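The numbers here are math on the coordinates, done by the rules we state, and not lab data. These numbers were taken from a predicted model, which means no experiment stands behind them. For neighbour counting, all protein chains shown are included, and Cβ atoms are generated from backbone atoms with ideal geometry for every residue, glycine included.
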Amino acid sequence: MFSLYPAIRPLLFELDSERAHDWSLTGLDLCHRWMGPLLPPSAPCAFEGPTTVAGLVFPNRIGLAAGLDKNAEHLDALGRFGFGFMEAGTVTPRPQPGNAQPRMFRMQSADAIINRFGFNNLGLAQFIENLKASAWVRERRGILGLNIGKNASTPIDQATDDYLTCLEALYPWADYITINISSPNTQSLRGLQSAGSLTPLLHSLKTRQGLLTERLKRRVPLFLKVAPDLTDEQIDEIALAVNRAQIEGLIATNTTLARDQVEGLAHADEAGGLSGRPLFHQANHVLKRFREALDPEVALIGVGGILSDADGLQKRAAGADLLQVYTGLIYRGPRLVCDLAKALAVAQPG
Ligand SMILES: Cc1cc2nc3c(=O)[nH]c(=O)nc-3n(C[C@H](O)[C@H](O)[C@H](O)COP(=O)(O)O)c2cc1C
């Protein structure tokens, strides 16, 4: 089925980006529904044994990055790609439409995307209904990450309330929960990365995690997702806050506001976050710096610009325990997932 992607891609690329994105997911769901019963159950691709990271057993190191399945609606179909883990969201407490369209732009010659979706999502209640309906989730065919954010209408000084609401509601469903404070498309959100805001936020979340662990007899690790647009000093400050709060993992990185790598290309001046190949080196720099500054037990998930086996290996060498992909899927197709899992296994047998 996946070998069809090179044939379908030119057709999809004729469409407006967001429409292509929606149609692809609808098409995948239909294929899964019609052909699924004829195929073996979807399973993570396995070229090496499982890996334990942050106390969780990952069937392989390749994950779906947040934002592709914002409402956890397509996990069964996406599970067919062979991911070891998938991250759904970003979800906010209440539904919200996000920014006006157009809000997603392909930059084909650069293997890149600019998006300014702005956390469009159906809200927590529907998100949980969708999780309940998913066989992949029920049968835990891989590790499930749930990515949480704040509503655009929530004042930034009350952001903690939104994160706590999401944490409380999703804790029973998640294997890990990602605190997303790094989208460039929600006003002031990235300000939460400053030490003065981050320390109290992490403290509140860790306290609630402790209470939930006791209540549900299960510890769900917290991962923090950061931006690539950070100075080395900011990275060190965030790392200190993460170490002190004993946050279990860090995801580096979200999309960038930088445009130096795409200067002169069509859409380069669109507002939003840039992802894909032009983000790769910047995200790797941030990842390496975090690896040096974080306590060794803090897990690192490397994301940003992975489009090939070599990129995956470089991300691992920069310090990533696990990898995530988004834009690479759009340009390289679903085969990227198992190709990456295989490349990592061959490079590091056992
Ligand atoms: C269209 C689009 C929507 C995204 N939405 C989210 C989101 O809702 N939450 C989030 O944490 N990251 C979101 N991201 C960021 C990705 O998860 C990832 O961190 C980033 O794109 C870099 O990886 P890539 O180069 O493999 O795409 C989004 C990215 C894209 C391209």
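What are the residues in the stretch 117-171 that are within 15 Å of the ligand (Cβ to nearest atom), assigned to a loop (DSSP other than H, G, I, E, B) and within 21 Å of Val226 (Cα to Cα), if any? The answer is Phe117, Gly118, Phe119, Asn120, Gly149, Lys150, Asn151, Ala152.
Among the conditions (1) more than 12 Å from the ligand (Cβ to nearest atom); (2) within 25 Å of Pro44 (Cβ to Cβ), Ala88 misses just one, which is (1). Of the residues examined, Gly272 is not one that is in contact (Cβ under 8 Å) with a residue 24 or more places away in the chain, touching an Asp or Glu at 6+ places or on another chain (Cβ under 9 Å) and surrounded by 20 or more Cβ atoms within 10 Å (Cβ to Cβ). I'd like the full set of residues that are within 16 Å of the ligand (Cβ to nearest atom) and either more than 21 Å from Asn115 (Cα to Cα) or β-branched (Val, Ile, Thr) (or both), limited to the stretch 172-192. Of everything in the stretch 172-192, those that are within 16 Å of the ligand (Cβ to nearest atom) and either more than 21 Å from Asn115 (Cα to Cα) or β-branched (Val, Ile, Thr) (or both) turn out to be Ala174, Tyr176, Ile177, Thr178, Ile179, Ile181, Thr186.
Under the condition of being surrounded by 14 or more Cβ atoms within 10 Å (Cβ to Cβ) and in a helix (DSSP H, G or I), the residues counted in the stretch 207-233 number 3. Among residues of the stretch 300-318 that are of a type in the set (D, E, K, R), those with a beta-carbon under 9 Å from a residue that is more than 13 Å from the ligand (Cβ to nearest atom) and not in a helix (DSSP H, G or I) at least six positions away or on a different chain give the pairs Arg316/Arg61; Arg316/Gln348.
Determine whether Ala20 is in contact with a Leu (Cβ under 6 Å, 6 or more places away or on another chain) and of a type in the set (A, V, I, L, M, F, W, C). So Ala20 fits the description; yes.
Taking only the stretch 60-76 into account, find how many residues are more than 16 Å from the ligand (Cβ to nearest atom) and crowded, with 22+ Cβ neighbours inside 10 Å.
The total comes to 1.
Please go through the stretch 273-291 and pick out each residue that is hydrophobic (A, V, I, L, M, F, W, C) and more than 9 Å from the ligand (Cβ to nearest atom). Matches in the stretch 273-291: Val286, Leu287, Phe290. Filtering the stretch 156-213 to residues that are of a type in the set (Phe, Trp, Tyr) and either free of Cβ contacts under 8 Å to residues at least 60 places away in the same chain or at positive phi (or both) leaves Tyr163, Tyr171, Trp173.
Only one of Leu294, Leu323, Leu300 is within 17 Å of the chain's Cα centre (by Cα) and away from the ligand (no atom under 12 Å from the Cβ); which? None of the other options fit; the residue is Leu300.
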